[in-house]
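Novice: Supplied in structure tokens, the structure appears directly below.
The values are calculated or read from the model by the stated rules, or taken from the named source; none is laboratory data. None of these values were measured; they are calculated from a predicted model. Neighbour counts run over all protein chains shown; Cβ positions are idealised from the backbone, glycine included.
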Amino acid sequence: MLAHEEAQINFDKGANAFYAKDFEKAHSVWERAAQDNNVEACYNLGLMYANGTGIERCYDKAHYYFSKAADEEHTEAEYSLGVLHNMGYGNLEEDPAEAAYWYHRAAEKNHPQAQCNLASLYESGQGVTRDYLRAVELYSRAAELGYVVAIFNLGVLCENGTGLEKDIKRAITLYTIASDAGLSPAQYNLGVLYATGATGSADIEKAYDLFSKAADQGHELAKENLETLKEVISDLEKE
């Protein structure tokens, strides 16, 4: 039996064990597959160590296995390395420039989270030269792939006129998509626009509904605005 065939068999055995929640066996079998350079086994071991699934969390080992997978152009591993360097997990220092490198590799393979995170670095100027136009481009690419956070972030840029012409109507459209998907910051921002009449006239009922949805998810500003709207509604009912 060829080495790569044995590695694939071990990967499949590990996958079966993992889904059966026999994490010890999954880890053991995937380690053998990883020794034979099975890319998916390397990536999955990285996830196990990163998440502490069935084993003690160890970001250094996660980095090791993600790196092995990324050496073989594994897109999710490249993205995961970006996250590790961006957040400075384990013994890694926060390194937005290194994060940008890995996000870029994954973004070029149409990984929407990587595109969104890289856009955020361009928007803030962390690890890269600040470039709002590049941020808009990357958010737009991720949004086209349906990534809700990117849709929301693009809405923020539209609302503020950052990197593109200010466009409240488009911002509302984007916020609505993200809000309908359950993203609390989008629900909050959209609520503010309806409460302040940015749509043409104030819609207190719609704002109240949106703040309620965001507040139910723990959004603190939404909770505060909800209390304010309750007072407004109460005063209106007295008139």
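Novice: Exactly one of these conditions fails for Leu164: (1) over 14 Å from the mean Cα position of the chain (by Cα); (2) surrounded by fewer than 23 Cβ atoms within 10 Å (Cβ to Cβ); (3) assigned to a helix (DSSP H, G or I). Give me its number.
Specialist: (3)
Novice: Quickly run through region 205-239 and pick out the residues that are among the hydrophobic types (A, V, I, L, M, F, W, C) and either farther than 22 Å from Gly182 by Cβ or modelled with pLDDT under 90 (or both).
Specialist: Hits for region 205-239 are Leu229, Val232, Ile233, Leu236.
Novice: Still on this structure: State whether one or more residues within region 86-101 are closer than 26 Å to Leu47 by Cβ, among the hydrophobic types (A, V, I, L, M, F, W, C) and at pLDDT below 95.
Specialist: Yes, that holds for at least one residue.
Novice: Tell me which residues, restricted to region 5-41, are of a type in the set (S, T, N, Q) and in a helix (DSSP H, G or I).
Specialist: Residues satisfying the conditions are Gln8, Asn10, Asn16, Ser28, Gln35.
Novice: Only one of Asn86, Asn44 is out of contact with any His (no Cβ under 8 Å at 6 or more places or on another chain), more than 26 Å from Gly14 (Cα to Cα) and assigned to a helix (DSSP H, G or I). Can you tell me which?
Specialist: Exactly one residue qualifies, and that residue is Asn86.
Novice: Right, Ala215: without any contact (Cβ under 8 Å) to a residue 12 or more places away in the chain, in contact with a Leu (Cβ under 6 Å, 6 or more places away or on another chain) and in a helix (DSSP H, G or I) or not?
Specialist: When the stated conditions are applied, Ala215 passes them.
Novice: Could you count how many residues in region 218-228 are within 18 Å of Tyr175 (Cβ to Cβ) and in a helix (DSSP H, G or I)?
Specialist: 4
Novice: Scan region 71-90 residue by residue and report those that are over 15 Å from the mean Cα position of the chain (by Cα) and of a type in the set (Gly, Ala, Ser).
Specialist: Result: Gly88, Gly90.
Novice: Enumerate the pairs (first residue in region 7-29 and at pLDDT 90 or above; second residue anywhere and of a type in the set (Ser, Thr, Tyr)) with beta-carbon separation below 8 Å, excluding pairs fewer than 6 apart on the same chain, so at least 6 apart or on different chains.
Specialist: Taking only residues 6 or more apart or on different chains, the pairs are Phe23/Thr53.
Novice: Quick check on region 16-70: of everything there that is within 17 Å of Gly90 (Cβ to Cβ) and of a type in the set (Asp, Glu), which residue is nearest to the chain's Cα centre (by Cα)?
Specialist: Only one residue tops the list, namely Asp60.
Novice: I would also like to ask the following. Determine which single condition Ala207 fails, assuming it passes every other condition in (1) over 15 Å from Asn225 (Cβ atoms); (2) crowded, with 20+ Cβ neighbours inside 10 Å.
Specialist: (1)
Novice: Given the options Phe11, Phe18, Phe66, Phe23, name the one that is surrounded by fewer than 16 Cβ atoms within 10 Å (Cβ to Cβ) and of a type in the set (Phe, Trp, Tyr).
Specialist: The match here is Phe23.
Novice: I want to confirm something. Restricting to region 118-161 and keeping residues that are of a type in the set (Phe, Trp, Tyr) and farther than 15 Å from Ile177 by Cβ, which single residue is surrounded by the fewest Cβ atoms within 10 Å (Cβ to Cβ)?
Specialist: Tyr132
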